[in-house]
Amino acid sequence: MKKLGLLAMAGVVVLSGCGGDDDEVEDLLRPPASLYFHNQLTDFTSPDASSIRVDVVTSKSSDPLFEDVGYSTDEQGGMNLKLDAGSETVEFSVRNSTMDLLDDSVTLKAGDNYTLVFMGDLAGGGMQLVPFRQRIPEIHPETVGVRFIHAMSQEANIGFSVLGEEDLRYAQASEYFNTLVKDNGRLEVFVEKASDGSPLETVSCAVQVGKVYDAIITHKGFADPDMAMFCQQVEGS
């Protein structure tokens, strides 16, 4: 490891000594942004699994950053995206096999990690690509850290009350909370309607004590109206 570090430093010295300016050195050393993409696109009118499989393309490359991604029901692997500045607005396009679904821009910061959620309904519209910047709060070793993301398109007009969040709106995230988990290693929470406290559903997902998660509250499947929760472990936790 020491040899690798010396070689890296030597490369910077050579670059600087051969006409490379400070901006080139900064570009070389700038850490990428990391994206964990979750496809929560629904299709209730003509349920066909192929209709909700998507590619995500950025203005920074002609090749898809994420390719042929189906409906997300578990943790997703991350992809690194090299930025041209410490903070950059990146153009994103989301498409399926027959059409372009969404063109949007997202502002990212180098070195930060994001849970990137595509939500909405193929027929009903309201599609959004929303980046949630991951954080690692201080947590007790016997608990998990968790925040909740409302991505349930059929309940877009309903605010959720869950754990310490009293009114979680669609396409928004709560703060991070510390909470205990069941002996079976599952985080279980009771979701209520924020307006009147009426019960909606009890949902759960598998977690590890001492880790931090982004918990996406959404539909159980792309054509399933029931509520479910899927957890993405925060990078570095």
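What to note about this one:
- Checked against the criterion of being free of Cβ contacts under 8 Å to residues at least 24 places away in the same chain, under 26 Å from Val69 (Cβ atoms), out of contact with any His (no Cβ under 7 Å at 6 or more places or on another chain) and not small (Gly, Ala, Ser), the candidates Arg186, Arg147, Arg169 yield just one match: Arg186.
- Restricting attention to region 133-144 and to residues that are surrounded by fewer than 21 Cβ atoms within 10 Å (Cβ to Cβ) and either touching a residue at least 40 places away in the same chain (Cβ under 8 Å) or touching a Pro at 6+ places or on another chain (Cβ under 8 Å) (or both), the residue that is nearest to Asn80 (Cα to Cα) turns out to be Arg135.
- Positions within region 61-95 being hydrophobic (A, V, I, L, M, F, W, C) and on the phi > 0 side of the Ramachandran plot, in sequence order: none
- Pairs where the first residue, in region 95-110, is touching a residue at least 24 places away in the same chain (Cβ under 8 Å) and the second is in a loop (DSSP other than H, G, I, E, B) and aliphatic (A, V, I, L, M), C-beta under 7 Å, 6+ apart: Leu108/Leu83; Ala110/Leu83
- Residue within region 204-213 that is surrounded by fewer than 16 Cβ atoms within 10 Å (Cβ to Cβ), free of Cβ contacts under 8 Å to residues at least 60 places away in the same chain and over 26 Å from Glu235 (Cβ atoms) present: no
- Considering residues of region 36-55 that are out of contact with any Pro (no Cβ under 9 Å at 6 or more places or on another chain), under 21 Å from Ile149 (Cβ atoms) and not aliphatic (A, V, I, L, M) only, the residue surrounded by the most Cβ atoms within 10 Å (Cβ to Cβ): His38
- Any chance Leu81 is crowded, with 17+ Cβ neighbours inside 10 Å and more than 29 Å from Pro225 (Cα to Cα): yes
- So Gln233, is it in contact (Cβ under 8 Å) with a residue 12 or more places away in the chain, closer than 20 Å to Leu116 by Cβ and surrounded by fewer than 21 Cβ atoms within 10 Å (Cβ to Cβ): yes
- Any hit, region 201-217, residues being more than 21 Å from the chain's Cα centre (by Cα) and either at pLDDT 95 or above or not in a loop (DSSP other than H, G, I, E, B) (or both): yes
- Flag if Asp112 is of a type outside the set (Ser, Thr, Tyr), in contact with a strand residue (DSSP E or B) (Cβ under 8 Å, 6 or more places away or on another chain) and within 19 Å of Ser59 (Cβ to Cβ): yes
- Just one of the listed residues (Asp112, Asp74) is within 16 Å of Val234 (Cα to Cα), among the charged types (D, E, K, R) and surrounded by 12 or more Cβ atoms within 10 Å (Cβ to Cβ), and it is Asp112.
- Arg147 being under 26 Å from Ser87 (Cβ atoms) and surrounded by fewer than 17 Cβ atoms within 10 Å (Cβ to Cβ): no
The values are calculated or read from the model by the stated rules, or taken from the named source; none is laboratory data. The shown structure was predicted, so the numbers you read here are calculated from the model rather than taken from an experiment. Ideal geometry is used to build each Cβ from the backbone, glycine not excepted, and the neighbour counts take in all protein chains shown.
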